[in-house]
Amino acid sequence: MLYFSLAPFVVPVISSMNLIISESKMDHSSRLESIFKDGNDLENLEVVNEKEIVMPTYGTHYARLEIKSASVSTDLYFGDSSAVLKKGVGQYIGSFIPGCGRPLLVGGHNNSAFNSLQFVKKGDIVTITTNYGIYKYKITSTRITDHKDKSAYDLSLQKEQLILYTCYPFDTLGLTSKRFFVYGDKISGPAIVSDN
Amino acid sequence: MKKALLMVMCILLIAVAFQTASAAGLDANKQKVIDALKSSITVNGKEVTLPSDLLNQAENYLKRDDVTITSTQADSIAEYVESALDLVKSSGATTVSDLSASEKTELLSIINNAAAVADLTVVSDFSKNTISVLADGQMVATDEPALKVTGMAFNTFAVLLGFAALALTGCFVAARKAKLFE
């Protein structure tokens, strides 16, 4: 509550501060590319050939992520740089795009895009809309753990598991060592198939 | 004339539109690189492999349509991977941190050579202690942690608090000078 009441005053000052002090070299790549086109008729597709897919490159907006029950609606980028996380949520490039049948690890800020993640419940549906298909994932569980706990995600899994995370607690100012994880299993969306 | 011009414009537009990297999947050469990266060795009874997050990044990059690997390139990369594995095996190390400084330098040199075969550049960030692989200046792989900072940066917050404290002190001094407390 404190954060949201102060946000209109605090956020502009913080942005200015970021220009003056920075822990790393200034990233001027804030103009991120987008390949996402909304409004495609993609319902009920079962398979999609990988040749029809435009593989996103680092920092590219390629999809939209929504959890209607928790009022989460944000752009999904491939890559999770600080520039990306200012614009929406970012997928770790060591995880896979929807339809590959492999894990998808997505992070977002707890004070913006993923603040409402705290309201998700088991059974809620996460929708990821891409140019090549609409993917739905059913939330199976949530978990709070340390940011160094590698058991929180398994990227070698041969299953399409959606893993969303953000810093925890949600309304904390400053860094936290805890992360809030949301896990979901794919329930629909076209599988990407190969000719090879 | 107008029609011809229109045709040329259409062709140019289509060419530009298709310049983005569409997914080509893994052909035999790309698969050979992936297979080489997937190989494992046993050191002191422990199986050593490339972490799955790095392997996934290689797979995601190689799936891009704008990435082509020739048979010669695939063979060359596979040879470098094999020499990297030999180096690790002879060192007896099961993690990168177990390697000596000279072994780490030698390993980095092999990685650099393997990357150069595929026109990739390896860059080290000593402030973060990370290594990243770039293609035309764009990141395609990194050993940065999978989980990122998704809260407000503490140093920004601390500086903000510092400025707030400074402003309050200034106000207090000004108020005292103006004798507002009397």
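Read-outs throughout are calculated quantities, based only on the coordinates presented, and are distinct from any laboratory measurement. Bear in mind the structure is a predicted one, so any value in this text is a computation, not a measurement. Because the Cβ atoms are built from the backbone with ideal geometry, glycine has one as well, and the counts that use them run over all protein chains shown.
Can you list which of the trypsin sites (Lys or Arg not before Pro) found in the range A:139-196 are DSSP loop residues with at most 15 other C-beta atoms within 10 Å? Hits after loop and neighbour filter: A:Lys148, A:Lys159.
Report, as an integer, the average count of C-beta atoms from other chains found within 10 Å of each Cβ along A:178-188.
Working: counts 1, 4, 1, 1, 0, 0, 0, 0, 0, 0, 0.
The mean count of partner-chain Cβ atoms within 10 Å per residue comes to 1.
Compactness of the range A:32-193, taken as the C-alpha radius of gyration over 2.2 N^0.38 Å, stands at 0.97.
Only Lys, Arg, Asp and Glu count, each charged at its Cβ (+1, +1, -1, -1), so figure out the dipole size of the range A:32-193 about its Cα centre, rounded to 20 debye. All intermediate terms of the calculation are to be shown ahead of the outcome.
On the way: 18 positive and 17 negative charges, 96 e Å.
With Lys and Arg at +1 and Asp and Glu at -1, about 460 debye.
Farthest towards the positive end of the charge dipole of the range A:71-187, among the residues A:Thr176, A:Leu105, A:Ser141, is the Cα of A:Ser141, using unit charges on the Cβ of Lys, Arg, Asp and Glu.
Under a straight-distance cross-link criterion of Cα-Cα below 17 Å, which lysines are reachable from A:Lys122, leaving out those fewer than 8 residues away in the same chain? List returned: A:Lys68, A:Lys136, A:Lys138, A:Lys186.
Averaged over the residues of peptide B:56-66, the number of Cβ atoms from other protein chains lying within 10 Å of each residue's Cβ is 5. Please identify every one of the trypsin sites (Lys or Arg not before Pro) in the range A:46-91 that sits in a loop by DSSP and has no more than 15 other beta carbons within 10 Å of its own beta carbon. Listed in order of number, the matching sites amount to none.
Return one quarter of the surface area of the convex hull spanned by the alpha-carbon atoms of the range B:24-148, equal to its mean projected area, in nm². Walk me through the intermediate numbers first.
Numbers: hull surface 31.6 nm².
Seen from a random direction, the Cα hull of the range B:24-148 projects 7.9 nm² on average.
The charge dipole of the range A:130-196, taken about its Cα centre with unit charges on the Cβ of Lys, Arg, Asp and Glu (plus for the first two, minus for the last two), comes to roughly 140 debye.
Across peptide A:152-162, how many C-beta atoms of other chains are within 10 Å of each residue C-beta, on average?
On the way: counts 2, 3, 1, 8, 6, 1, 0, 0, 0, 0, 0.
Per residue, the number of nearby Cβ atoms from other chains is 2 on average.
Near A:Ala113, once Lys and Arg are set to +1 and Asp and Glu to -1 for all other residues with Cβ below 14 Å from its Cβ, the sum equals +1.
Here is the link list: A:Lys159/B:Lys38; A:Lys37/B:Lys128; A:Lys159/B:Lys30. Which ones come out longer than 28 Å on Cα distance? Present the calculation step by step, with values, prior to reporting the outcome.
Working: A:Lys159/B:Lys38 19 Å; A:Lys37/B:Lys128 36 Å; A:Lys159/B:Lys30 22 Å.
Long pairs (Cα-Cα over 28 Å): A:Lys37/B:Lys128.
The alpha carbon centroids of the range B:50-78 and the range A:67-91 are separated by 27 Å.
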